[in-house]
Amino acid sequence: MTRVTESDIVARLDEMASTIQTMGATLTALQSRSIKLDDTQGYRTSEVARKLCLHPQTIYRWIRLGKFPAGIRIGERTIWTEAQLNEWLAERREQSAQQPSHKRAPRTPEQREATRAGVLRYWAMRRAAGKKTKREK
């Protein structure tokens, strides 16, 4: 068993004090390099996804495809400023105003009749081939 002397304890305390000073200097240096967001709100991926009613993976996929702005990386996290999100939403509004609606144009009576006739021909062919419908089974 090793005997601990007072000088050993003092040496260990001095070593610990210098480590704490080094850590304090490192912390101060890190704080001076911190990113200022100019008093704007920063949103994490989960918050952005919730606000846009999207899945977080959709956001990452859109970033890869260039459809969504890349956020600001801080360590392992990514944040978006409110200004970035508002700018992206404004661009989306402009694009959607320029693009035609995805809604299908109403069909004409002739188109409806052609579809009906095609369906009737299909079922007539099936009956002629001896195939039964679910109702006929």
May I ask you to verify whether Gln95 is closer than 30 Å to Pro69 by Cα, of a type outside the set (Lys, Arg) and modelled with pLDDT of 80 or more?
yes
Top-ranked residue in the range 54-109 [being among the small types (Gly, Ala, Ser) and not in a loop (DSSP other than H, G, I, E, B); ranked as farthest from Gly42 (Cα to Cα)]
Ala97
Just checking, does the range 47-67 include any residue being among the hydroxyl-bearing types (Ser, Thr, Tyr), within 30 Å of Arg93 (Cα to Cα) and at pLDDT 90 or above?
yes
Output the residues belonging to the range 102-118 that are of a type in the set (A, V, I, L, M, F, W, C) and surrounded by 10 or more Cβ atoms within 10 Å (Cβ to Cβ).
Ala114, Ala117
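The values are calculated or read from the model by the stated rules, or taken from the named source; none is laboratory data. For clarity, every value in this text was computed on a predicted model and none was experimentally measured. Reconstructed Cβ throughout: ideal geometry from the backbone, glycine too, with neighbour counts over all protein chains shown.
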